[in-house]
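A.B. asks: Below are the C-alpha cells for one structure; questions will follow.
The values are calculated or read from the model by the stated rules, or taken from the named source; none is laboratory data. Given the structure is predicted, the values throughout are model-derived calculations rather than measurements. Note that each Cβ is placed from the backbone with ideal geometry, even for glycine, and that neighbours are counted across all protein chains shown.
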Amino acid sequence: NKFGNVSDSPIAIDFPNKSVVGHDIESNDDGYLVLGMINDIGADKTNQEILLVQLNTDYAISWSKTFELTNIDRFANEGKDESWELIKDENGDYLICTYPLVIKVNDDGDIIWEKNFETNSFPGLADGHVRKIGENYLMSLWHQLILFNSDGDEIWRVKTFPKFINDAIVLDDHIYLFVAIEKVVTQGDQSQQVHEIHINKLDMNGNYVDF
C-alpha cells in the first residue's frame with residue numbers, strides 16, 4: 001500500500017455476532033476508510049445498517065460508526081445485488097452512496113447531510129453509480145438519472161422508464177447514457193428475453209440531443 005505496509009493474507013475486521021459485507025475502501029491521511037453493510041446474524045434484511053470503519057496504517061480499527069437505513073424499502077426487488085460506493089471530495093469529506101440514500105460525512109464520520117433520492121414510482125432500487133462532474137455529482141439508478149450538488153440539492157432528474165440504465169459517462173461536455181430495453185425474441189417454439197442496448201446523448205442540463 002502507499003504507506004509501505006505489505007500483507008500477504010486477508011485483513012480481518014471482526015464484529016462479533018454481526019454479518020458484515022464490505023463494499024468500498026478509500027485511503028486517507030490516517031489510513032483507510034472502509035464502507036460496509038452490517039446486521040445481526042440471523043436477522044432479516046430489513047435490519048441492515050451502513051457501517052463506516054476507519055483503519056490506521058497498520059489496519060487496526062481507529063473508530064467505527066453505523067447509520068440507519070431509515071424509511072427505505074431496500075428490498076422491494078428481492079434478490080437484487082447492492083453495490084455501494086464511497087467517494088472522497090475535494091474538501092476531504094466523503095459521500096456514502098447506498099442508493100438511493102446518499103450521506104455526506106466529514107473525515108471523522110460525522111454526518112453533514114443525508115438525502116433520500118427515492119421516488120414513489122420505483123421504490124427499493126438499491127443499486128446505482130455516482131460520478132463526480134466538476135462540483136456536482138451524477139447518480140444513475142435503474143430508471144433515473146439525477147444530478148445533485150455538493151450540498152445534496154437535486155439540480156435535475158431524467159426518467160428513462162421503460163428503459164433501465166446500465167451506465168452513464170461524461171465526455172466532451174455531454175452525458176452518454178447506456179440504457180437497455182427488455183424484449184422477447186421468439187425462434188420457432190422457443191422464446192427468450194433479451195436486453196437491447198441503446199445509447200442516448202444528453203447535454204449537461206439533462207436534455208436529450210442528437211448525435
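A.B. asks: Quick check: is even one residue across the range 186-196 touching a residue at least 40 places away in the same chain (Cβ under 8 Å) and part of a strand (DSSP E or B)?
C.D. replies: Among the residues of the range 186-196, not one is touching a residue at least 40 places away in the same chain (Cβ under 8 Å) and part of a strand (DSSP E or B), which makes the answer no.
A.B. asks: Can you tell me which residue within the range 139-183, out of those that are part of a loop (DSSP other than H, G, I, E, B) and of a type outside the set (D, E, K, R), is surrounded by the most Cβ atoms within 10 Å (Cβ to Cβ)?
C.D. replies: In this case the residue turns out to be L141.
A.B. asks: Also, I was wondering about something else. Can you name every residue in the range 134-151 that is among the hydrophobic types (A, V, I, L, M, F, W, C), over 9 Å from Y99 (Cβ atoms) and modelled with pLDDT of 90 or more?
C.D. replies: Once the filter is applied, which keeps residues that are among the hydrophobic types (A, V, I, L, M, F, W, C), over 9 Å from Y99 (Cβ atoms) and modelled with pLDDT of 90 or more, the range 134-151 yields L138, L145, I146, L147, F148.
A.B. asks: Within the range 67-92, restricting attention to residues that are at pLDDT 85 or above and surrounded by fewer than 16 Cβ atoms within 10 Å (Cβ to Cβ), which residue is nearest to D40 (Cα to Cα)?
C.D. replies: Going through the qualifying residues, I end up with K88.
A.B. asks: Within the range 3-56, how many residues turn out to be modelled with pLDDT of 85 or more and either exposed (fewer than 10 other Cβ atoms within 10 Å of the Cβ) or hydrophobic (A, V, I, L, M, F, W, C) (or both)?
C.D. replies: 10
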